[in-house]
1. Return one number: the angle in degrees, 0 to 90 and rounded to the nearest 10, between the long axis of the Cα atoms of helix 344-360 and the longest principal axis of the Cα atoms of the chain.
2. From the cross-link list LYS262/LYS513; LYS86/LYS270; LYS197/LYS218; LYS126/LYS202; LYS126/LYS197, which pairs have alpha carbons spaced over 24 Å apart?
3. Calculate one ³J(HN,Hα) per residue across the range 278-292 by plugging θ = phi - 60° into the Karplus curve 6.51 cos²θ - 1.76 cosθ + 1.60, and present them in order as whole Hz with x for glycine and proline.
4. Rounded to the nearest 5, what % of the DSSP beta bridges within the chain are antiparallel ones?
5. Roll a 1.4 Å probe over the protein chains and send me the accessible area per residue for the range 260-312 in Å².
6. Just by accessible area at a 1.4 angstrom probe, what is the order of ASP100, ASP505, ASP62 from largest to smallest?
7. To the nearest 10 square angstrom, what accessible area does MET627 show with a 1.4 Å probe?
8. Using a 1.4 angstrom probe with every protein chain in place, what is the largest-first accessible-area order of LEU392, LEU347?
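The values are calculated or read from the model by the stated rules, or taken from the named source; none is laboratory data. The structure displayed is predicted, hence computed values, not measured ones. In this analysis, Cβ positions are derived from the backbone assuming ideal geometry, glycine residues included, and neighbour counts consider all displayed protein chains. To get the accessible areas, we keep the full protein, side chains included, count just its heavy atoms, and leave off ligands, DNA and RNA. Shrake-Rupley method; radii C 1.70, N 1.55, O 1.52, S 1.80 Å.
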Amino acid sequence: MEGKLIWWSPSPSWLMLSTLCLLLCAAQLQTSSATVAAAGTVPIPAGNVVPSAGVKLTSGKDEAMIDNGIIQLTLTNPGGFVRALKYQGVENVLETHEPDDFGGYFDVSWDHPGGEGKTEQVVGTKFTVITETEDQVELSFSSSWAASPKDLVPLNVDKRFIVQKGVSGFYWYVIVERLKGWPDVNMDQHRMVFRPKITMFKYMAVSDEIQKMMPAYKDRETGEKLAYPEAVLLTTAIEPEFKDQVDDKYQYSMEIKDHKLKGWISDDPKIGFWVISPSEEYIAGGPNKPELTCHCGPICLAMFTSVHYSGLDMVTEYRNGEPWKKVFGPVMVYLNSIVPSNDHAALWQDAKAQMEKEVQNWPYNFVASADYLPAAKRGSVSGQLLVDDKVLSPTPKEACTAYVGLALPGTTEVAFQFDVKGYQFWTQTDPKGNFVIKNVIPGDYNLYGWVPGVVGTFKHPDLITIQPGNEVKLGPVTYKAPRNGPTLWEIGIPDRSAAEFFVPDPDPKFVNKFFVDKPNEVKSGDCEPTTWQINFDLPDVCPTGNYTLQLALAGALETNTFVYVNDLNAKAPAFATERVGKDNAIARHGIHGIYWFFSACLPSNLFVKGKNSIFLRAARSGDFPFMGVMYDYIRLEAPPTQP
């Protein structure tokens with residue numbers, strides 16, 4: 001299958017970037033103002049009234065129960081599974097079917113190299129009361145790999161639960177540790193899973209835009225599995241509105257930066273169940289990595305590491321006895337029931353207000369573990385990011401709303417995308433490019449960044465060492481953007497997304513009407529590799545030097561991109577990328593996965609005066625139908641010597 005795309009534009013200017021900056025900044029201000037205004041009009045949840053009684057702990061042979069007068073949390077002892085969560089007279093708002101299924105658990109997907117993969121719900125073997133006062137109870141359910149059967153994941157795991165006086169919910173964090181000398185292992189997922197009660201929670205909300213009634217899990221069990229098992233055509237449905245629609249958990253994925261709040265609402269009684277992640281520091285992949293949120297079940301997730309939208313490039317590999325330690329969370333489970341209003345919007349807005357409160361209070365000052373550092377034991381870094389592109393401007397310009405972050409030192413500019421072992425700390429610059437990254441855990445980092453409207457990725461050349469209580473003041477730092485010559489034409493917007501590129505219309509048989517108001521007509525196609533033809537005119541050809549094709553990919557799956565100039569049947573392409581990508585974002589409804597960038601040098605003798613064509617051919621490594629690439633941005637530059 002071949003597609004033709006004809007595009008020519010004059011050289012871009014800083015006007016485009018400045019306009020984008022202003023629009024993005026204005027949108028942020030409007031969103032922030034709207035959020036505050038909405039939160040201010042929401043009635044206080046009945047459960048948030050501080051009771052006179054304090055927090056009480058009752059522990060027995062096989063369970064521990066914490067009660068603060070608002071919620072009652074029951075945990076298995078010493079396993080550390082969430083057995084029950086009582087709220088507003090409902091004995092258990094969670095779905096629990098022992099001994100295999102609990103209302104909340106922490107699991108790890110792992111394998112020994114070359115072995116069979118498994119997903120293990122981590123079982124605690126030791127119960128410890130860490131804190132027990134009228135104001136707060138913190139419990140530990142830990143397990144030691146050295147004292148466990150060796151068919152379990154080689155990790156020490158400490159699951160910590162906190163209930164506070166007057167708080168309508170609980171906090172949960174997990175400390176994982178590998179000791180030096182332990183066996184080789186791959187771990188591709190760490191997460192918390194919550195299972196709200198099936199008979200109650202049928203309305204899901206993961207963002208302002210994605211809120212809807214959901215089909216029953218039984219509808220999936222009787223449905224038709226499609227090209228991959230997560231996508232199911234609901235051939236029958238308990239609620240007729242879902243019949244003949246497709247359900248797929250990846251349709252509800254969000255970027256990590258937008259992952260702070262998600263949950264479910266029960267209509268009878270009117271109760272909201274929410275998972276709040278107040279920080280992204282403990283989630284792997286950086287702020288723009290897509291990740292699962294909630295899905296049919298009902299299920300609500302707190303993801304920490306995964307191969308979703310990244311593939312095996314983000315498997316956590318440990319070799320040669322490498323040690324490791326990390327704190328996941330705390331995550332807050334929040335429950336609400338609005339008085340007097342009980343509609344979905346009120347519950348959502350109240351949960352958003354609680355989320356904002358948790359974000360403001362991060363890092364928490366009430367966590368007992370010495371492995372979790374409060375603000376006083378953290379540091380910060382500040383500076384100003386500038387963009388240097390002399391074709392667009394003779395002097396560096398401020399990088400507006402750029403993403404700037406600290407992650408483990410890496411060998412490439414995009415190393416943070418594959419970092420699953422360390423912590424990451426991100427922010428966005430103001431209109432002048434200024435940034436402050438606060439509450440950074442001490443250690444050595446690289447500073448990474450990227451700017452909307454500018455191709456490529458920034459990486460500061462120096463190692464940045466964060467110390468407790470100190471601020472590293474970098475001053476102005478300059479990102480020298482990829483540029484060899486003036487722009488002849490460009491396609492797309494360099495924003496790490498393929499949103500503005502053509503995406504084939506779906507077969508109307510396979511749609512979710514929530515996302516598609518009216519099914520589009522069927523497009524023919526047998527999932528064959530695609531060749532794009534870009535036609536353009538050159539008034540003159542520079543006889544010396546190379547033209548440059550700047551090629552940014554928003555995602556890829558086991559695919560090479562071949563570049564041909566004016567002769568698609570040439571013996572060899574003028575340029576070929578390496579085979580890149582394992583993110584499977586195409587199959588998972590993603591508009592991007594892992595970001596890739598290439599600069600292709602194209603000899604001037606390949607071009608002619610007048611009409612020219614550049615062909616981009618995707619060459620897949622197999623027959624899997626979802627192999628391919630998603631383009632972010634394409635730009636042809638003239639040789640630097642051209643007037």
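1. Its long axis makes an angle of about 80 degrees.
2. From LYS262/LYS513; LYS86/LYS270; LYS197/LYS218; LYS126/LYS202; LYS126/LYS197, over 24 Å: LYS126/LYS202; LYS126/LYS197.
3. Values, residue by residue: x, 9, 9, 4, 9, 9, 7, x, x, x, 9, 5, x, 8, 5 Hz.
4. Restricted to the chain, the bridges split so that about 90 percent are antiparallel.
5. Here the residues of the range 260-312 average 15 Å² of exposed surface.
6. I get ASP100, ASP62, ASP505, largest accessible area first.
7. Rounded to the nearest 10, the figure is 40 Å².
8. LEU392, LEU347
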